[in-house]
Amino acid sequence: MIDARFAGALGAFRLDAAFTAPGHGVTALFGPSGCGKTSVLRCIAGLQRLPDGHLIVNGESWQDGRRFRPTHRRPLGYVFQEASLFPHLSVRENLSFGQRRVRGEPQRIGFDEVVDLLGIARLFDRPTDRLSGGERQRVAIGRALLSQPQLLLMDEPLSALDRISKDEILPYLERLHAALSIPVLYVSHDIAEVERLADTLVLMEAGRVRAAGPIADLLADPDLPLVHMPQPAAVIDGRVLSVDPRYELTELEVPGGRLLVAGDLGPVGSVRRLRIPASDVSLGRRAPVDTTILNALPALILGAEQTGGRQMTVRLALGADGRGAPLLSRVSRYSWDRLDLAPGQTVIARLKAVALRDSGPAADTPVSDPHP
Amino acid sequence: MFDAAMIEVILLTLKLAGLTTLLLLILGTPLAWWLSRGRSLTRDVVSTIVSLPIVLPPTVLGFYLLIAMGPSSPLTTLVGRPLAFTFEGLVLGSVIYSMPFVVNPIRNAFEAMGPRPMEVAATLRASPWDAFVTVALPLASPGLLTGAILGFAHTVGEFGVVLMIGGSIPGRTKVLSTTIFDYVETLQWGRAHVLAGGMLILSFAVILFMTQVERRLVGGRGGR
C-alpha cells in the first residue's frame, strides 16, 4: 500500500497531488504532458523534495512533515525515460551496481531470474553504447530490479523508444507484472500502454489527481475524459478456461460472462488482459441468430453520452444484473433512438472482435493439456 | 649536456609542479564538484576568484602574494614565519596561480555529466560519497586528467609569480623558467637552449600523450 501526498511549488508549477495505490500490481500515473506525474514520481523517489510531502510505503514512513529519507535509503527501483546506463561500466557491472549495495538484505530477486526474465544474458559482453534502445532499457529495468526494490518506479520507460523497440519491450513488462509481486508505479501519457499494463489508474491533471481507482472503472467513468477519447475502450481481465486447438479459440471467464477469443491464449488458469474498443461493440434487443459474431452477452446499460453530433458512447456492465465488468459501446444516435434504448435496460452486447491487445509472450506457447 | 646545477633546477621544478598538482587535485576536485552543482551568487563569486589568475598579470598576483607572505602579514603570523622566498611559499603561490587550470576542466567534466548519473546511483542505493567515488569520478576522469596535466604544465612554466615571491635561490626557489631567464641574461645561450629545447620537447610529448589517453578513456567507455 502506497499513501502519497505532495504539495508545493516546483518553479512556476504547483503540485498538489494525493493518492493511494495498492501494494501489488501496476498503478499507472496517467495524464497529459506537464501534468506533474513525473514530479510525483521524483518526489516518491526522494529525488525531488517538497517540504509539504507525506509518503508511506508498506507501512513505513519515507517522508512526513519532519523527516525525509534520502533516496539511497529508500528500497526502490527507478527506471528513467532514457536508460541512463553507466557508460564507464559493462552491462554486467551495470546490472550488479545496485545488487552489490544491498548484500546484507534478503535477495528476493535473483540475478539469473532477472537476466532470464528480460532476456539480457547475451548482452553481457557488449559495450553499453552498442546496445539498441530497447536492449538498453531492458538492462536498466534489470539493474533496478536487482537492487531488491519494494517499489518499482517507472517514468515513461518506453517513450524514448521507437515503435519496434516498444513492441519488443512490452511483453517483458507484462512478464514482470506476472512474475514479480512488487508494486509498480508507472508514469505514462500513452493510454495504449496504460490499458495494456495497468491495474490501477491515477488520473492527473494540472498538478492534481483527478481520479484514482481500478482501471476498468475509470476507463468507463462518464465524469472522466477517458470515455471521450477518440478511441475509447474497456479493458477486462479474463481467466483462461479452455483452449480449442482445432479452431484456435480460447474461452475466458470474465466478470459477468464468458468470452471466446481468437488465438491460443493458454495455459488454462492464466489471466489475460483484453482490450475491447467501444467501436467493436454493438447493441441489440435480442440474442443474434445465424451470425458470425462469436460473443453476444447480456449487459446492463448504465448510461450514455452523446459524442459529437451523430454518435453515442454507451456505458454498460456485463451480466443482466450489471454486476460484471464495465464495457463501452459506440453506436449511432439513430440506432439508439430507433431501438429506444435507455439506461437501466438490459441489452445484448455483441463483440465484433475480441483479441489480446497484442499477443503476449505466452500466446504462442502450446498448451499441453487442452480442455475442449 | 646537463650539469649538476641544471639537474638540481630540473628536480626542484618537478618537485614543485608535482606537489602543486597533487594539492590541486585534492583541493580542486571537491571545489569543482561544488561549483558544478547549481548556480548561486556565492558560487559565481568563488568561481570568479578561482579564475582570476587566467587574466591577472602574473606580476600583479605575485605582488599581492609577496605582501601576503611578507613579515607583517596575518598569514606570516599564522604560519610563524614569512613564506616569501621559500619553497613552501612557492608551492602556495603555484597552487593559487594554477588553480583555474585544474579546477575548470574538472568542473566542466562534472557539469557535462549532468545530474542524472548521480540520481541513478542514488536510486541504486549508493550513498552520495559512494556515488561520487564510483560514478562521478570515473565519468569525469578525462577532465581530471586534463586538469592535472594543465596544472602541472602551468606550474612548470610560471615565471612572473615565481620571480616575485621566490626570487631565484638555488636549491630552494630556482626553477626552470627563472633559470632560463638567468642563462639568457648572462648570455649562456647554449645552456638556455638545452633547457628551453627540453621544455619544448616535453610539452609536445605531454600534449600528445594527453590526447592519446583521453581518447582511450572516452573511447573505452563501456568498451569492457
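The values are calculated or read from the model by the stated rules, or taken from the named source; none is laboratory data. For clarity, every value in this text was computed on a predicted model and none was experimentally measured. Note that we place each Cβ from the backbone using ideal geometry, even for glycine, and neighbour counts take in every protein chain shown.
Does B:S73 fit the bill of being touching a helix residue (DSSP H, G or I) at 6+ places or on another chain (Cβ under 8 Å), surrounded by fewer than 18 Cβ atoms within 10 Å (Cβ to Cβ) and more than 14 Å from chain A (Cβ to nearest Cβ)?
Against the criterion (touching a helix residue (DSSP H, G or I) at 6+ places or on another chain (Cβ under 8 Å), surrounded by fewer than 18 Cβ atoms within 10 Å (Cβ to Cβ) and more than 14 Å from chain A (Cβ to nearest Cβ)), B:S73 qualifies.
One residue alone among A:G34, A:G53, A:G65, A:G8 is more than 19 Å from the chain's Cα centre (by Cα), part of a loop (DSSP other than H, G, I, E, B) and either among the hydrophobic types (A, V, I, L, M, F, W, C) or farther than 29 Å from A:D162 by Cβ (or both), and that residue is A:G65. When we screen B:L187, B:L144, B:L163 for residues that are of a type outside the set (S, T, N, Q) and within 30 Å of A:V91 (Cα to Cα), the only hit is B:L144. Hey, can you tell me all the residues within segment A:326-348 that are among the small types (G, A, S) and touching a helix residue (DSSP H, G or I) at 6+ places or on another chain (Cβ under 6 Å)? Within segment A:326-348, A:S329 is the sole residue that qualifies.
Does segment A:159-176 contain at least one residue that is within 14 Å of chain B (Cβ to nearest Cβ), outside any helix (DSSP H, G or I), crowded, with 19+ Cβ neighbours inside 10 Å and not hydroxyl-bearing (S, T, Y)? Taking every residue of segment A:159-176 in turn, none turns out to be within 14 Å of chain B (Cβ to nearest Cβ), outside any helix (DSSP H, G or I), crowded, with 19+ Cβ neighbours inside 10 Å and not hydroxyl-bearing (S, T, Y).
If the condition is being charged (D, E, K, R), more than 9 Å from every other protein chain (Cβ to nearest Cβ) and closer than 18 Å to A:L153 by Cβ, then segment A:50-74 contributes A:E60, A:R69.
The residue of segment A:16-45 that is surrounded by the fewest Cβ atoms within 10 Å (Cβ to Cβ), among those that are in contact with a strand residue (DSSP E or B) (Cβ under 7 Å, 6 or more places away or on another chain), under 24 Å from B:A131 (Cβ atoms) and not aliphatic (A, V, I, L, M), is A:T38.
Summed over segment A:75-84, the residues that are more than 8 Å from chain B (Cβ to nearest Cβ) and surrounded by 22 or more Cβ atoms within 10 Å (Cβ to Cβ) give a count of 2. Only one entry in A:F97, A:F86, A:F111 is over 24 Å from B:S141 (Cβ atoms) and more than 23 Å from the chain's Cα centre (by Cα), namely A:F111.
Taking the numbered list (1) under 25 Å from A:Q345 (Cα atoms); (2) charged (D, E, K, R); (3) without any contact (Cβ under 8 Å) to a residue 24 or more places away in the chain in turn, A:E248 passes all entries but (1).
Would you confirm whether any residue within segment B:210-218 is β-branched (V, I, T), within 17 Å of A:F86 (Cβ to Cβ) and in contact (Cβ under 8 Å) with a residue 40 or more places away in the chain?
Filtering segment B:210-218 down to residues β-branched (V, I, T) leaves B:211, B:213, B:218.
Filter once more, keeping what is within 17 Å of A:F86 (Cβ to Cβ): B:218.
So of that shortlist, the ones also in contact (Cβ under 8 Å) with a residue 40 or more places away in the chain come out as B:218.
Yes, segment B:210-218 contains a residue that is β-branched (V, I, T), within 17 Å of A:F86 (Cβ to Cβ) and in contact (Cβ under 8 Å) with a residue 40 or more places away in the chain.
From the list A:S96, A:S84, the one residue that fits, being hydroxyl-bearing (S, T, Y) and part of a helix (DSSP H, G or I), is A:S96. Would you confirm whether or not segment A:116-131 contains a residue that is under 17 Å from A:P75 (Cα atoms) and either within 11 Å of chain B (Cβ to nearest Cβ) or not in a strand (DSSP E or B) (or both)? Looking for residues that are under 17 Å from A:P75 (Cα atoms) and either within 11 Å of chain B (Cβ to nearest Cβ) or not in a strand (DSSP E or B) (or both), one finds none in segment A:116-131, hence no. The condition of being out of contact with any Gly (no Cβ under 6 Å at 6 or more places or on another chain) and surrounded by 15 or more Cβ atoms within 10 Å (Cβ to Cβ) holds for B:T178.
Among residues of segment B:92-118 being assigned to a helix (DSSP H, G or I) and either among the aromatic types (F, W, Y) or surrounded by fewer than 19 Cβ atoms within 10 Å (Cβ to Cβ) (or both), the one that is farthest from the other protein chains (Cβ to nearest Cβ) is B:Y97. Within segment B:89-103, residues that are touching a residue at least 60 places away in the same chain (Cβ under 8 Å) and at negative phi have Cβ atoms under 6 Å from residues that are surrounded by 20 or more Cβ atoms within 10 Å (Cβ to Cβ) and not in a helix (DSSP H, G or I) in these pairs: B:G89/B:M69; B:G89/B:L83; B:L90/B:T173; B:Y97/B:E158, counting only partners at least 6 apart in sequence or on another chain. Note on segment A:318-340: residues that are buried (at least 19 other Cβ atoms within 10 Å of the Cβ) and over 20 Å from A:Q231 (Cβ atoms) total 2.
Of all the criteria given as (1) buried (at least 16 other Cβ atoms within 10 Å of the Cβ); (2) outside any helix (DSSP H, G or I), the one not satisfied by A:L226 is (2). Looking at segment B:151-224, the helices (runs of 4 or more DSSP H) lying wholly inside it that each contain 3 or more residues that are more than 22 Å from B:V103 (Cα to Cα), away from chain A (no Cβ under 14 Å) and not hydrophobic (A, V, I, L, M, F, W, C) sit at B:176-185, B:189-219.
Looking at segment A:146-193, which of the residues that are among the acidic types (D, E) and more than 10 Å from the chain's Cα centre (by Cα) is farthest from A:E113 (Cα to Cα)?
Restricting to residues being among the acidic types (D, E) and more than 10 Å from the chain's Cα centre (by Cα), the top hit is A:D190.
Confirm whether B:F132 is modelled with pLDDT of 90 or more, within 14 Å of another protein chain (Cβ to nearest Cβ), in a helix (DSSP H, G or I) and within 24 Å of B:V50 (Cβ to Cβ). For B:F132, the condition - modelled with pLDDT of 90 or more, within 14 Å of another protein chain (Cβ to nearest Cβ), in a helix (DSSP H, G or I) and within 24 Å of B:V50 (Cβ to Cβ) - is met.
The set of residues in segment B:141-193 that are under 19 Å from B:L56 (Cβ atoms) and polar (S, T, N, Q) comprises B:T155, B:S177.
Could we say that A:F97 is touching a helix residue (DSSP H, G or I) at 6+ places or on another chain (Cβ under 8 Å), hydrophobic (A, V, I, L, M, F, W, C) and within 10 Å of chain B (Cβ to nearest Cβ) here? Considered against the rule, which asks whether it is touching a helix residue (DSSP H, G or I) at 6+ places or on another chain (Cβ under 8 Å), hydrophobic (A, V, I, L, M, F, W, C) and within 10 Å of chain B (Cβ to nearest Cβ), A:F97 comes out as yes. Among the candidates B:L52, B:L78, B:L22, B:L65, the residue that is in a helix (DSSP H, G or I), of a type in the set (A, V, I, L, M) and in contact (Cβ under 8 Å) with a residue 60 or more places away in the chain is uniquely B:L65.
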